[in-house]
Amino acid sequence: GAGVSQSPSNKVTEKGKDVELRCDPISGHTALYWYRQRLGQGLEFLIYFQGNSAPDKSGLPSDRFSAERTGESVSTLTIQRTQQEDSAVYLCASSSYPVGSRFFGPGTRLTVL
Amino acid sequence: AQKVTQAQTEISVVEKEDVTLDCVYETRDTTYYLFWYKQPPSGELVFLIRRNSFDEQNEISGRYSWNFQKSTSSFNFTITASQVVDSAVYFCALSRGLPGAQKLVFGQGTRLTINP
């Protein structure tokens, strides 16, 4: 499709396990963003990429969180040793350079038991 | 630092009423961008509008209109003749206008319920 896609759509995991969340941005969009939305809350910025570089990682909550992007395309957000407070919807967005409208994917709902 | 405040956490109106969602922002930048997004019950964020800080002209798109006032640092959103399908959480957001990708800073959102 033409929009931002994310996988999986839902992920249930046990506390302490690692998870990987994937984002496929809109083709040609050089900027990519990760956000987290806890139940009933607003969007919390995690990290953004310009190309394959991450100029701002200030929103990553701890060193258990990391993200990478390759080929100026797909991005993976990895959460190590998941905790219950990591339960949230993780949203990815992309935009064209330099300041385009951000289009969001459907999100990955992560539940940590 | 940038900040977006949506003081109305929840609004409930009857169908066909007009409703205005408030958004107040803080930034030290002279160039910046403002956004509105809609998040229906399905959860996906839907882009509504992007406005740059140099364009204070109000915009109308069908039943939607936006009032940008730099003097009061506000970017309010009005829905005219509301419909049940307008029920959603609406987010206002702000980004810096520097070259390159810039993160969006979101308000906490306003939950709008349109009752039949």
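The values are calculated or read from the model by the stated rules, or taken from the named source; none is laboratory data. On a predicted model such as this, the values are computed, not experimentally measured, just so you know. Glycine gets a Cβ as well: all are built from the backbone with ideal geometry, and neighbour counts include every protein chain shown. What goes into the accessible areas is simple: the full protein's heavy atoms, side chains included, and nothing from ligands, DNA or RNA. Shrake-Rupley method; radii C 1.70, N 1.55, O 1.52, S 1.80 Å.
Residue-wise test of (1) more than 9 Å from chain B (Cβ to nearest Cβ); (2) within 16 Å of A:Glu68 (Cα to Cα).
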| position | (1), (2) |
| --- | --- |
| A:Ser9 | yes, no |
| A:Val12 | yes, no |
| A:Gly16 | yes, no |
| A:Glu20 | yes, yes |
| A:Pro25 | yes, yes |
| A:Tyr33 | no, yes |
| A:Gln37 | no, no |
| A:Leu43 | no, no |
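Open to solvent by 70 Å² or more (accessible area, probe 1.4 Å) and under 30 Å from A:Gln6 (Cα atoms): does that describe B:Pro41? First the steps, then the outcome.
Details: open to solvent by 70 Å² or more (accessible area, probe 1.4 Å): yes; under 30 Å from A:Gln6 (Cα atoms): yes.
Yes: the conditions hold for B:Pro41.
Would you tally the residues in region A:70-112 being assigned to a loop (DSSP other than H, G, I, E, B) and open to solvent by 10 Å² or more (accessible area, probe 1.4 Å)?
Final tally of qualifying residues: 15.
Suppose the filter is under 25 Å from B:Gln2 (Cα atoms) and not hydrophobic (A, V, I, L, M, F, W, C); does A:Asp24 pass it?
Details: under 25 Å from B:Gln2 (Cα atoms): no; not hydrophobic (A, V, I, L, M, F, W, C): yes.
It is false that A:Asp24 is under 25 Å from B:Gln2 (Cα atoms) and not hydrophobic (A, V, I, L, M, F, W, C).
Based on what the data block shows, is A:Thr30 more than 22 Å from B:Gln102 (Cβ to Cβ) and surrounded by 14 or more Cβ atoms within 10 Å (Cβ to Cβ)?
On the way: more than 22 Å from B:Gln102 (Cβ to Cβ): no; surrounded by 14 or more Cβ atoms within 10 Å (Cβ to Cβ): yes.
So A:Thr30 does not fit the description; no.
Might you let me know whether region B:90-113 holds any residue that is touching a residue at least 40 places away in the same chain (Cβ under 8 Å), within 14 Å of chain A (Cβ to nearest Cβ), on the phi > 0 side of the Ramachandran plot and outside any strand (DSSP E or B)?
For region B:90-113, residues touching a residue at least 40 places away in the same chain (Cβ under 8 Å), within 14 Å of chain A (Cβ to nearest Cβ), on the phi > 0 side of the Ramachandran plot and outside any strand (DSSP E or B): present.
Sort through B:Ile49, B:Ile60 and tell me the only one that's farther than 16 Å from B:Gly107 by Cα, part of a strand (DSSP E or B) and not polar (S, T, N, Q). I'd like the intermediate steps shown before the answer.
On the way: B:Ile49 fails: farther than 16 Å from B:Gly107 by Cα.
Only one candidate passes the filter, namely B:Ile60.
Can you tell me which condition B:Ala81 does not meet? The list is (1) within 30 Å of A:Pro55 (Cβ to Cβ); (2) assigned to a loop (DSSP other than H, G, I, E, B); (3) hydrophobic (A, V, I, L, M, F, W, C), and all the others hold.
(1)
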